[in-house]
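**Q** Please see the structure below; I have some questions.
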Amino acid sequence: MTAAVVSAPVLPPAMTAARVASVMKETHDTFTLCLEPAESEPLPAFAPGQFSMLYVFGVGELPISISGDPHEPGRLVHTVRSVGKATNALVNLKPGAWVGVRGPFGTSWPLEAARGRDVLIVAGGIGLAPLRSAIHEVLRHRDDYVRLMVLYGARSPKDLLYRRQLADWGRLADTQVLTTVDYGGVNWRGYVGVVTTLFRYVRLHPAGTTVMICGPEIMMRYVIREVEKRGIPPEQIYLSMERNMKCAVGFCGHCQMGPYFVCKDGPIFAYERLRPWLEKYEL
Amino acid sequence: METKTIAEVLREHPFVTGLKESYIHKLAEMALEVQFAKDQLIFRQGDESGLFYLVLSGKVALEATAPGRISRIQTVGETDALGWSVMLGPGGKTFQARALEPVRALAFDGARLRQLCEQDPGFGFQFTRKLLHVVSERLQAARMQLLDIYAPRTGGKLV
């Protein structure tokens, strides 16, 4: 019997073929996929906060944040929550399977501007994924930043992402990692309550802090309120927005938010730019 | 080792930030430093406990109990206040509080606090305003929890 030779699929322009190197289960519904180049051509470099369009053959294409270390070249790491047909197909791919990759797209976290300052990272749920790349970057250039504070909220202990890494980061000097869950069981010894309740346990230097926030939009609005209450000016606050992104190049208009296309002008926005549009229900 | 007086310890607690020195002094006079071991119940649901606490260190879980079931509603820690309902007068606690780790706190007798508020309306107003902040934060947190913002969504609907 001859083994079937599976050749790389025919791809639309600007799409690169990649193979799934590994799929790691993070929680009951969230998985981290590591993609490697199919051939000798390396996968493109990315900046923390950017996203890829991942194409599952026969199913569809999805915008997924990159959650890996930008200094590990040649591979792309994405953390995906299985909530629908396409994401379910993506997380069920086996090592060796093909996916199409477009990107990386979009703006990135303001890590250059944050040099010499405290970095406050506030994440909710799967929102920690695009911020993990920023955390990797800060830790790799640790001397360029002052304090790193990570406030992370999830629905329950079983929904917490990257638990081991969070614990490791929390042990580093000048790094504070606080985790809370909305619903804690009796075996959970950590904080219980929404992520905004963690603010009372960090000491902020308002003028010297850059804030990066990612999570459900309603969570980000409450977090902004807390941050502003503590005297951090809007120009030091950055958000990662999520909209229904299709083309990823500002052409189709699916992800339009006021005057912006989230795929092209975002997903990372300075809060100051976005403020007029953030509380408009229709958007 | 330098030992701080209760007044000095109290002065560092965020709850009293902005209070007049004379009010802090009055509070310090009725404060008692207490400690709880890990897993110790600070008060039980239904207790007539008349103490109000300012947590200095450690983590406390607020729990609701039902037959065969304990739900952890929220945690409070250093910089937080605990047992604000004593200001409403006698009545059973609606939650129980458990030390999740060794806890140090300042305890205040609720009846004496109420009396002081009645005798000195200026103090009463400032103190009640502080409590209102605590209650408002808890209410907002509870509302956010009810929103269940991390629940999976498909097509804009919760699934």
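The values are calculated or read from the model by the stated rules, or taken from the named source; none is laboratory data. Here the structure is a predicted model, which is why all the values come from computation and not from measurement. Every residue, glycine as well, gets a Cβ built from its backbone with ideal geometry; the counts of neighbours run over all protein chains shown. Please note that ligands, DNA and RNA were not included when accessible areas were found on the heavy atoms of the full protein model with its side chains. Shrake-Rupley method; radii C 1.70, N 1.55, O 1.52, S 1.80 Å.
**Q** Going by the structure shown, is B:Thr79 assigned to a strand (DSSP E or B) and either within 14 Å of chain A (Cβ to nearest Cβ) or β-branched (Val, Ile, Thr) (or both)?
**A** Values: assigned to a strand (DSSP E or B): no; either within 14 Å of chain A (Cβ to nearest Cβ) or β-branched (Val, Ile, Thr) (or both): yes.
No: the conditions fail for B:Thr79.
**Q** Every residue in the range A:130-177 that is under 18 Å from the mean Cα position of the chain (by Cα) and within 14 Å of another protein chain (Cβ to nearest Cβ), please. Explain how you work it out, then say what you get.
**A** From the range A:130-177, those under 18 Å from the mean Cα position of the chain (by Cα) are A:130-140, A:148-155, A:159-166, A:169, A:177; that's our starting set.
Of everything in the range A:130-177, those that are under 18 Å from the mean Cα position of the chain (by Cα) and within 14 Å of another protein chain (Cβ to nearest Cβ) turn out to be A:Leu151, A:Tyr152, A:Gly153, A:Ala154, A:Arg155, A:Asp159, A:Leu160, A:Leu161.
**Q** Let me ask another. Give the residue that is surrounded by the fewest Cβ atoms within 10 Å (Cβ to Cβ), with candidates limited to residues of the range A:159-186 that are without any contact (Cβ under 8 Å) to a residue 12 or more places away in the chain and in contact with a helix residue (DSSP H, G or I) (Cβ under 9 Å, 6 or more places away or on another chain).
**A** Within the range A:159-186, the match that is surrounded by the fewest Cβ atoms within 10 Å (Cβ to Cβ) is A:Ala173.
**Q** Sort out which residues of the range A:85-116 are open to solvent by 40 Å² or more (accessible area, probe 1.4 Å) and under 28 Å from A:Arg142 (Cα atoms), and write them in order of number.
**A** A:Thr107, A:Ser108, A:Glu112, A:Ala113, A:Arg115, A:Gly116 - these are the residues of the range A:85-116 that are open to solvent by 40 Å² or more (accessible area, probe 1.4 Å) and under 28 Å from A:Arg142 (Cα atoms).
**Q** Can you find even one residue in the range B:109-130 that is of a type in the set (Val, Ile, Thr), surrounded by 11 or more Cβ atoms within 10 Å (Cβ to Cβ) and in contact (Cβ under 8 Å) with a residue 24 or more places away in the chain? If you could, list the steps in order and put the result at the bottom.
**A** Taking the range B:109-130 as the starting set, the residues that turn out to be of a type in the set (Val, Ile, Thr) are B:128.
Filter once more, keeping what is surrounded by 11 or more Cβ atoms within 10 Å (Cβ to Cβ): B:128.
Cutting the leftovers down to in contact (Cβ under 8 Å) with a residue 24 or more places away in the chain gives us B:128.
Yes: one or more hits.
**Q** Let me ask something else. Among the residues of the range A:126-144, how many are open to solvent by 10 Å² or more (accessible area, probe 1.4 Å) and either in a helix (DSSP H, G or I) or touching a strand residue (DSSP E or B) at 6+ places or on another chain (Cβ under 7 Å) (or both)?
**A** Keep residues of the range A:126-144 that are open to solvent by 10 Å² or more (accessible area, probe 1.4 Å), which gives A:126, A:132, A:136-137, A:139-144.
With either in a helix (DSSP H, G or I) or touching a strand residue (DSSP E or B) at 6+ places or on another chain (Cβ under 7 Å) (or both) added as a condition, the list becomes A:126, A:132, A:136-137, A:139-140, A:142-144.
Residues that pass the stated criteria total 9.
Conditions (1) under 22 Å from B:Ala141 (Cβ atoms); (2) surrounded by 19 or more Cβ atoms within 10 Å (Cβ to Cβ), marked per residue:
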{"position": "B:Lys38", "(1), (2)": "no, no"}
{"position": "B:Tyr53", "(1), (2)": "yes, yes"}
{"position": "B:Arg72", "(1), (2)": "yes, yes"}
{"position": "B:Glu78", "(1), (2)": "yes, no"}
{"position": "B:Leu82", "(1), (2)": "yes, yes"}
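**Q** Looking only at the range A:165-185, count every residue that is farther than 17 Å from A:Val122 by Cα, not in a strand (DSSP E or B) and not hydrophobic (A, V, I, L, M, F, W, C) and tell me the total. Talk me through it step by step, then tell me what you get.
**A** As a first pass, look at the range A:165-185 and keep what is farther than 17 Å from A:Val122 by Cα: A:168, A:171-173, A:183-185.
In the following step, the residues that additionally are not in a strand (DSSP E or B) were identified as A:168, A:171-173, A:183, A:185.
Add one more test, that the residue is not hydrophobic (A, V, I, L, M, F, W, C), and what stays is A:168, A:171, A:183, A:185.
So the count comes out to 4.
**Q** As an exercise: evaluate B:Lys4 against (1) assigned to a loop (DSSP other than H, G, I, E, B); (2) of a type in the set (Lys, Arg); (3) surrounded by 14 or more Cβ atoms within 10 Å (Cβ to Cβ) and give the number of the one condition it does not meet.
**A** Of (1) assigned to a loop (DSSP other than H, G, I, E, B); (2) of a type in the set (Lys, Arg); (3) surrounded by 14 or more Cβ atoms within 10 Å (Cβ to Cβ), only one is false for B:Lys4: (3).
**Q** Please go through (1) more than 19 Å from A:Gly127 (Cα to Cα); (2) facing chain B (nearest Cβ under 10 Å) for A:Val194 and return the number of the only condition it doesn't satisfy.
**A** With respect to (1) more than 19 Å from A:Gly127 (Cα to Cα); (2) facing chain B (nearest Cβ under 10 Å), A:Val194 is out only on (1).
**Q** Name every residue in the range B:31-66 that is part of a loop (DSSP other than H, G, I, E, B) and closer than 16 Å to B:Phe95 by Cβ, in order of residue number. Step through it out loud before you land on a result.
**A** We begin by selecting, within the range B:31-66, every residue part of a loop (DSSP other than H, G, I, E, B); these are B:37-40, B:44-50, B:58.
Result: B:Gln40, B:Arg44, B:Gln45, B:Gly46, B:Asp47, B:Glu48, B:Ser49, B:Gly50.
**Q** Separate question: Evaluate the range B:83-103: report whether one residue or more is within 14 Å of chain A (Cβ to nearest Cβ), charged (D, E, K, R) and within 14 Å of the chain's Cα centre (by Cα). Before the answer, list the steps.
**A** Taking the range B:83-103 first, the residues within 14 Å of chain A (Cβ to nearest Cβ) are B:95-103.
Checking which are charged (D, E, K, R) leaves us with B:98, B:101.
Add one more test, that the residue is within 14 Å of the chain's Cα centre (by Cα), and what stays is B:98.
Yes, the conditions are met somewhere in the range B:83-103.
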